[in-house]
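First comes the structure, then the notes that go with it.
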Amino acid sequence: MSSGPQPRAAGPVVRVRGFDLALDRRYEPATHIWVADAGPGLVRIGMDPLGAETSGTLAQISLPGVGADLAAGRPFGQLEAVKFVGPLTSPVSGTVRAVNDAVAADPGLIERDPFGAGWLIEAELADPAELDGLLTDAAEITAWYEARIEDYVRTGAIAR
Amino acid sequence: MPDSGTLRVIDFGQVTPLRSQTLWHAVGYGVSAGEPPTLTFARPSAPYVCLGYHRDLAEIDHDYCRAHDLPVYRRMVGGGPVYLDQRQLFFQICVPAGDVSPSRRDALAGLLAPVVTAFEAVGIAARLDSAGEICLGEAKICGHGAGQIENAVVVCGNLIEAFDHDRAAAILAMPDPAQRDQTAALMRRYVAATPADPGAFAAALTGAYATALGRDPRPGHLSAGELAAVTELDELFTSPDWLAGPARTSGRPAAPGAAGRGVKVRGGVWTFAASSGGARIAASVIAGRLEQVSLTAPAMNGQARAAERALVGLPVAGAADALRQFGEPGSQLAAALAGAEGRVL
């Protein structure tokens, strides 16, 4: 991370070129969104550290209210950095059951603690089978991150 | 329409303030649905105010806007509230999201680079500075914002042929008159018009984007789907709900309130005003240092001018320590100033 040491995730992690990736959750590689179990039928959703770093300084965020519907592949919120408003895309379908008011008040939490205090929403899953399409294997996660970091370094998006 | 390697170019000419926003937003939906990458131009027929997707309506002085017949519209892309008028040529480049880097920072830099090329082509030595602003010398010469509309990325900007600095400051809600004066002064210094020939600039920009995207520029028009989207967007952009902004928007607060009021003039240049316990501070900050400070603190017993002099030149982070040397009123102002830098968007 360019902004200082990255807090370690609470559970097992794999370190990929300076990024600690929690292995107790799944990843949507196209959008840098993670999904973690949060109880029976519930998941917690957040953004991984590379997604945050390549966005620039996170300025503002808009998130859905409790009870809002989620659709896999569709935006559930918007994130603004460097005057660029872009979607936060849900990897799963379901219903929002909780919203992280702390991250709504301070989007910088996503940069500082992406796997902990920087979580975005919790949702009740409509179709648990959607989780099967996400990355969960340590080797797969490592290979994806290695490749993505290499892409970003090559284009100058990040320095490593 | 299949993408055939062309850069569609649409010059909307002079249009109403509302259409100067909704036309290019409609193009965003069109490109998302398969229309080719598109460069658009438009010029508003009258002045108005436009604020970024996430920004707080309270940042705008609505009494001033009403008194001067300035409508207010919220756009789907980022950035702050801005004053726009017919002496600005708007341009927008819209491409499929898959054609740009997934890094927003990288995508934005890539889509702004042709703008710099176009300015250079018309004799203006523009550059993209480290704060992400297109500048001539130290002055910003092109406003910009960016966003993703469905599966299309759009970056918008303007050629500022003349700029009304006083109006640009007056549309912003700044209850503290000292901050208002400081903001207007900084705008005159750090926001500049570049009176290039708009036709030559548009031609240069078209060529620069065609080269950057590897596409053949061709004049085009809106598709039937885009025309339908314009009608829908006209309705959306004039609805109170849309103008109010997303329901659960938050972020580092910039609007007037207990946390103080921050106004960004350009990257690295901002003003801040706050009050606490009967004491008040208004300050101009350039590259992280206080350049001008106005204090009102009756309890300082005549020490306010000395405190102002002590603060000038200090980094914002060091101002709190200097203020605390002026007793309880200074400590109160230090508390008001604390964290200001991170809250200015």
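Rule-based calculations on the coordinates, nothing more; no lab input. Since this is a predicted model, take the numbers as computed values, not measurements. Heads up, the Cβs are rebuilt from the backbone with ideal geometry, glycines too, and the neighbour counts pull from every protein chain shown.
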Mind checking which of B:Asp241, B:Asp176, B:Asp56 has the largest fluctuation in a GNM of chain B, springs on alpha carbons under 10 Å? B:Asp241
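In square nanometres, what is one fourth of the surface area of the convex hull spanned by the alpha carbons of the stretch B:42-163?
Values: hull surface 32.8 nm².
For the Cα atoms of the stretch B:42-163, the hull's average projected area reads 8.2 nm².
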Based on other C-beta atoms within 10 Å, arrange B:His165, B:His68, B:His221 from fewest to most. B:His221, B:His68, B:His165
Overall Cα dimensions of the protein assembly as shown - principal axes, largest extent first, Å: 70, 57, 42
Which whole-Hz ³J(HN,Hα) couplings does the stretch A:96-106 yield from phi under the Karplus relation 6.51 cos²θ - 1.76 cosθ + 1.60, θ = phi - 60°, glycine and proline marked x? 5, 10, 7, 10, 7, 5, 5, 6, 5, 7, 8
Residue by residue through the stretch B:56-64, which ³J(HN,Hα) values in whole Hz follow from phi under the Karplus form 6.51 cos²θ - 1.76 cosθ + 1.60 (θ = phi - 60°), with glycine and proline marked x? 7, 4, 5, 6, 9, 7, 5, 4, 4
At what distance in nm do the modelled label points of B:Ala125 and B:Ala212 sit from each other, each positioned 7 Å from its Cα along Cα→Cβ? 2.2
Once you mark the GluC sites (Glu not before Pro) that are in a DSSP loop and have at most 16 other Cβ atoms within 10 Å, what is the longest gap between them in chain B? B:151-345
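At 10 °C and a viscosity of 1.306 mPa s, what translational diffusion coefficient does Stokes-Einstein give for the stretch B:268-343, taking Rh as the Kirkwood radius over Cα pairs? Give it in µm²/s as a whole number. Working shown, then result.
Numbers: Rh = 11.8 Å.
Roughly 135 µm²/s, to the nearest whole number.
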The extension gain from A:Leu42 to A:Thr155, computed as 0.36 nm times the residue separation minus the Cα-Cα distance, is 36.9 nm
Computed Rg/Rh of chain A, alpha carbon atoms with Kirkwood Rh: 0.93
For the stretch B:5-102, what does the equivalent ellipsoid look like in terms of its semi-axes, each the square root of 5 times an eigenvalue of the Cα gyration tensor, given largest first in whole Å? 27, 16, 9
Ellipsoid semi-axes in whole angstrom, largest first, where each is sqrt(5λ) of the Cα gyration tensor of the stretch A:84-160: 25, 20, 12
The stretch B:6-244: translational diffusion in µm²/s, Stokes-Einstein, Kirkwood Rh over Cα pairs, 37 °C, 0.692 mPa s: 182
